[in-house]
Amino acid sequence: MSITRANIMDYIVRRQDQGASSATINRELCILRRAFELGIENGRILRRPKFSLLKERNARSGFFENHQIEAVIRHLDQDLAPMIRFAYLTGWRTQSEVQPMIWSQVDFEGGTVRLDPNTTKNSEARTFPMTGELRALLEAQRSRTVALQKKLGGVIPW
């Protein structure tokens, strides 16, 4: 109850001096703010100090050029290469968006690949047009998947 806005500002300055990023400091402040909100909801405290979050500059930069991704892919296991190439072509996140994909998200006839709502960072659906390179990649992956299913039985993901 004795934490004031001045204490919070001092905390921000101290964390910045320690080299913490604005995004890290904001996540820490969000935890503290939530603790205050829970205290109010449960009748433990009457009010909370005002929290102002820092501006975050988290735009991505330093994208790979085609020759650079090709150099990386040459060093990957053949089972991993298609997923990394797919992520490169679409710009989608590997772990949370590409790995969990299922074939019903691929529309060969309509020429699109889609991410369903609540599977993306902002919880909004996304559709990507199937370029020639992406179609070839997905057709090869589909053939590979079918062959593995015949060989091993069951569903084999990426």
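The values are calculated or read from the model by the stated rules, or taken from the named source; none is laboratory data. Remember, predicted model here, so these are calculated numbers, not experimental data. Glycine gets a Cβ as well: all are built from the backbone with ideal geometry, and neighbour counts include every protein chain shown. In case anyone asks, the SASA skips ligands and DNA or RNA and just uses the protein heavy atoms, side chains included. Shrake-Rupley method; radii C 1.70, N 1.55, O 1.52, S 1.80 Å.
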With the first residue restricted to the range 97-119 and required to be within 19 Å of Leu80 (Cα to Cα) and in a helix (DSSP H, G or I), and the second required to be open to solvent by less than 40 Å² (accessible area, probe 1.4 Å) and among the aromatic types (Phe, Trp, Tyr), Cβ contacts under 6 Å at 6 or more apart or on different chains are Val98/Phe86; Val98/Trp92
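Go through Gly154, Gly111 for me and flag whichever is at pLDDT below 85 and either surrounded by 15 or more Cβ atoms within 10 Å (Cβ to Cβ) or not aliphatic (A, V, I, L, M) (or both). Write out each step before concluding.
Values: Gly111 fails: at pLDDT below 85.
The conditions single out Gly154.
Being outside any helix (DSSP H, G or I), among the β-branched types (Val, Ile, Thr) and more than 30 Å from Tyr11 (Cα to Cα), is that true of even one residue in the range 58-71?
Of the range 58-71, the ones outside any helix (DSSP H, G or I) are 58-65.
Add one more test, that the residue is among the β-branched types (Val, Ile, Thr), and what stays is none.
Looking through the range 58-71, none of the residues is outside any helix (DSSP H, G or I), among the β-branched types (Val, Ile, Thr) and more than 30 Å from Tyr11 (Cα to Cα).
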Residue under question is Ser61, and the condition is that it be modelled with pLDDT under 95, closer than 29 Å to Cys30 by Cβ and out of contact with any strand residue (DSSP E or B) (no Cβ under 7 Å at 6 or more places or on another chain); does it hold? yes
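Any idea which residue in the range 1-20 is surrounded by the most Cβ atoms within 10 Å (Cβ to Cβ), counting only those that are in a loop (DSSP other than H, G, I, E, B) and either in contact (Cβ under 8 Å) with a residue 12 or more places away in the chain or in contact with a Leu (Cβ under 7 Å, 6 or more places away or on another chain) (or both)? Let's see the steps before the verdict.
Pass one, the range 1-20, residues in a loop (DSSP other than H, G, I, E, B): 1-4, 18-20.
Those still in the list that are either in contact (Cβ under 8 Å) with a residue 12 or more places away in the chain or in contact with a Leu (Cβ under 7 Å, 6 or more places away or on another chain) (or both) too: 1, 3-4.
Numbers: Met1: 10, Ile3: 14, Thr4: 11.
The extreme case among them is Ile3.
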Would you call Glu133 part of a helix (DSSP H, G or I), over 27 Å from Arg27 (Cβ atoms), touching a Leu at 6+ places or on another chain (Cβ under 7 Å) and open to solvent by 70 Å² or more (accessible area, probe 1.4 Å)? yes
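Give the range 21-56 a look and list any residue that's within 24 Å of the chain's Cα centre (by Cα) and either open to solvent by 80 Å² or more (accessible area, probe 1.4 Å) or of a type in the set (A, V, I, L, M, F, W, C) (or both), or say none.
First pass over the range 21-56, keeping only residues within 24 Å of the chain's Cα centre (by Cα): 21-31, 34, 53-56.
Correct list: Ala23, Ile25, Arg27, Leu29, Cys30, Ile31, Arg34, Leu53, Leu54, Lys55.
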Out of Ile84, Ile45, Ile31, sole residue that is over 17 Å from Leu138 (Cα atoms), of a type in the set (Val, Ile, Thr) and in contact with a helix residue (DSSP H, G or I) (Cβ under 8 Å, 6 or more places away or on another chain): Ile45
Inspect all residues belonging to the range 23-30 and state whether any of them is in a loop (DSSP other than H, G, I, E, B), hydrophobic (A, V, I, L, M, F, W, C) and either at pLDDT below 90 or under 29 Å from Thr90 (Cα atoms) (or both). no
